[in-house]
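S.K.: Sending over a structure as structure tokens; questions will come in a sec.
The values are calculated or read from the model by the stated rules, or taken from the named source; none is laboratory data. Quantities reported herein were computed from a predicted structural model and do not represent experimental measurements. Note: ideal-geometry Cβ built from the backbone for every residue, glycine included; neighbour counts use all protein chains shown. These area figures cover heavy atoms from the full protein model, side chains too; ligands, DNA and RNA do not enter into them. Shrake-Rupley method; radii C 1.70, N 1.55, O 1.52, S 1.80 Å.
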Amino acid sequence: MARNSGTGLSPTDDAAARQVVFEEYGEFITQLKGCFVTAGDAGVNRPDMIHLYSRARFATTIPRSLGGSGSPAPPTARGVLRGLEAAFTFLAEQGGMDAKMGPELLRKATVLVQGFGHVGSHLVHDLVPLAGVNKVVVAHVEVEELLPGIDRVKAYPADRVEFVSVPRGDHMVLTMLGVDAVCPCATGGGLNNETVSKIQAKIVCGAANNQLLDNRPRPRHARHHLCARLPRQPYGHRALRQ
């Protein structure tokens, strides 16, 4: 985040430092007089948005307690789930089965979720208790340090949810064998020339921004994937079938 000082936030900054930065950012947004509307995203938490909103009104994803819509993560995750249901229904129809078999195929599937952040954690929760998916593999950076602080994880059956730790910036986990669908919900660029040709899953459906590293044509052998990109903004959706 750019500031007059030329510095932004670092992972070691405390709550007081974050408050100063987000209040300054709110003042800057106000100076734009509505030409730009900001919102929370990766790395931004509820207190951050409260501090920003104290200085600006041109902002979304404000906590419900202040009259806003709250975090976009839960509805975004639910959108990814609906996308998976639609994709499995498509595969069922392609295989000569009744469309009603789509949800059943999803329940029997193994789904890889890349990223256990705001959206990814809600998606896992939707996949396991709500959709009843057979197996969910969760890939996250330094997952060993992340898990002890998440109470909801303790309720997941160990035989249905597996957590694996991956290096930061390494997207090769998307090529994992034995999965029926992969859901990129981490940083962008996961679909690139190194991973696309090796992805075994027939479905790629996630909420990460900029999932394609670039717009260059992909190899022909990658065209068997059914891909759907579900943006976090509630302005519609964009899908790509290959």
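S.K.: At a probe radius of 1.4 Å, what is the per-residue accessible area of residue 144, in Å² to the nearest 10?
M.R.: 120 Å²
S.K.: Read phi for every residue in segment 68-83 and hand back ³J(HN,Hα) as whole Hz from Karplus 6.51 cos²θ - 1.76 cosθ + 1.60, θ = phi - 60°, with x for Gly and Pro.
M.R.: x, 8, x, 5, x, 4, x, x, 5, 4, 5, x, 5, 4, 5, x
S.K.: When only alpha-carbon atoms are used, what values of Rg and Dmax, in angstrom, describe segment 15-66?
M.R.: When restricted to the Cα atoms of segment 15-66, Rg and Dmax are 10.1, 29 Å.
S.K.: Between beta-carbons, use under 14 Å as the cut-off and find the net charge around residue 135, counting Lys and Arg +1, Asp and Glu -1.
M.R.: Overall, the nearby charge balance is 0.
S.K.: If you don't mind, another one. Taking H as built 1.01 Å from N, whose amide H comes closer than 5 Å to the amide H of residue 110, not counting residues under 5 places away?
M.R.: Long-range HN contacts for residue 110: 180, 181.
S.K.: Starting at the first residue of segment 152-169, write each ³J(HN,Hα) from the Karplus equation 6.51 cos²θ - 1.76 cosθ + 1.60 with θ = phi - 60°, in whole Hz, x for Gly and Pro.
M.R.: Couplings: 5, 5, 5, 8, 6, x, 4, 7, 10, 10, 10, 10, 10, 8, 10, x, 4, x Hz.
S.K.: Which order do you get for 12, 30 if you rank them by accessible area with a 1.4 Å probe, largest at the top?
M.R.: Descending order: 12, 30.
S.K.: A further question on this structure: Would you mind computing Rg(Cα) / (2.2 N^0.38 Å) for segment 91-163, counting N as its residues?
M.R.: In units of the 2.2 N^0.38 Å rule of thumb, it is 1.24.
S.K.: While we're looking at this one, here's another question. Taking θ as phi - 60°, what are the ³J(HN,Hα) couplings along segment 186-196 by the Karplus curve (6.51, -1.76, 1.60), each to the nearest whole Hz, with x for Gly and Pro?
M.R.: For segment 186-196, the Karplus-derived couplings read 10, 6, x, x, x, 9, 9, 5, 7, 9, 4 Hz, x marking Gly and Pro.
S.K.: Where only protein heavy atoms count, and the probe is 1.4 Å, what is the accessible area per residue for segment 1-132 in Å²?
M.R.: Ligands and nucleic acids excluded, the result is 53 Å² per residue.
S.K.: At what distance in nm do the modelled label points of residue 104 and residue 164 sit from each other, each positioned 7 Å from its Cα along Cα→Cβ?
M.R.: Spacing of the two 7 Å Cα→Cβ label points: 2.9 nm.
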